[in-house]
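Single-structure report; data block below.
The values are calculated or read from the model by the stated rules, or taken from the named source; none is laboratory data. No experiment lies behind these values; they were computed from the predicted model shown. A quick note on method: Cβ atoms are made from the backbone with ideal geometry, for glycine too, and the neighbour counts reach across all protein chains shown. The protein model used for the area step is the full one, side chains on, heavy atoms only, and it has no ligands, DNA or RNA in it. Shrake-Rupley method; radii C 1.70, N 1.55, O 1.52, S 1.80 Å.
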Amino acid sequence: MNIFRRKSKEEESLGDRLPPGQYQTKKWPVLHYGSVPRVEHASWRLTLSGLVDKPRSLSFDELMALPHQTVRADVHCVTRWSLFDSEWEGVPFRAVAGLIRIKPEARFALVQAEQGYTTNLSLDDLMVDEAMFVHRWNGADLSAEHGGPVRLFVPHLYFWKSAKWVRGVEFLAEDRPGFWEGYGYHMRGDPWKEERYGV
Ligand SMILES: Nc1nc2c(c(=O)[nH]1)N[C@H]1C(S)=C(S)[C@@H](COP(=O)(O)O)O[C@H]1N2
Ligand SMILES: [Mo]
């Protein structure tokens, strides 16, 4: 039997903005493995390690001193919800990477978060304009539930790559699976190609 569901008028008007297999959610879900860690701004640090000339760690104030940007973007969770049109404010990944000398052989990163959550991305995916460390959403401080004080934000990939409660970036020559990738999620995770599972 061939079952399919016709798109509603509203879904059709979303046109090319909804990646294949996704639906739009109006309310922003909270989704993560484990409990919500409470991280104080004063004790938050971001550690840059691996293939760098000198490892370095940044305080929240040091992050705030870097140039900021606000990006209006859609995000897409692999569990099929997509949230459209919110405003994400933070510091471009590139601005943080500019503080250190990344060795030329580094091509990937393993991003580390509280409670052992990790996710892998290529440096090409992290160096795009919209990739950033986000600390505000729709004009308010990012809540703890959504990864505050600071989360990674890479909207062109499935949202599991946008690590909440981010703590570090390890620069690597070879790609290495993170938490979900180790359970079979895709190493890159492009929602437009439906890279949900597999390499
Ligand atoms: N540290 C951490 N970051 C995480 C996750 C997680 O379990 N732990 N889940 C990811 C997944 S699967 C999604 S969809 C988004 C959800 O972010 P939200 O709760 O702000 O919607 O966070 C991502 N970042
Ligand atoms: Mo997700």
**OP:** Just need a number here: residues in the stretch 118-154 that are within 15 Å of residue 86 (Cβ to Cβ), within 15 Å of ligand 2 (Cβ to nearest atom) and assigned to a strand (DSSP E or B).
**Re:** 2
Original post:
Right, residue 157: open to solvent by less than 10 Å² (accessible area, probe 1.4 Å), of a type outside the set (Gly, Ala, Ser), modelled with pLDDT of 95 or more and not in a strand (DSSP E or B) or not?
Top reply: yes
Subject >> Filter result (open to solvent by 10 Å² or more (accessible area, probe 1.4 Å) and either within 13 Å of ligand 2 (Cβ to nearest atom) or outside any strand (DSSP E or B) (or both)) within the stretch 160-176 >> reply: 160, 164, 165, 173, 174, 175, 176
Original post:
What residue, of 85, 74, 61, is buried (at least 17 other Cβ atoms within 10 Å of the Cβ) and either within 15 Å of ligand 1 (Cβ to nearest atom) or outside any loop (DSSP other than H, G, I, E, B) (or both)?
Top reply: 74
Original post:
Do you know which residues across the stretch 44-57 are open to solvent by less than 40 Å² (accessible area, probe 1.4 Å) and either in contact with a helix residue (DSSP H, G or I) (Cβ under 7 Å, 6 or more places away or on another chain) or charged (D, E, K, R) (or both)?
Top reply: 44, 46
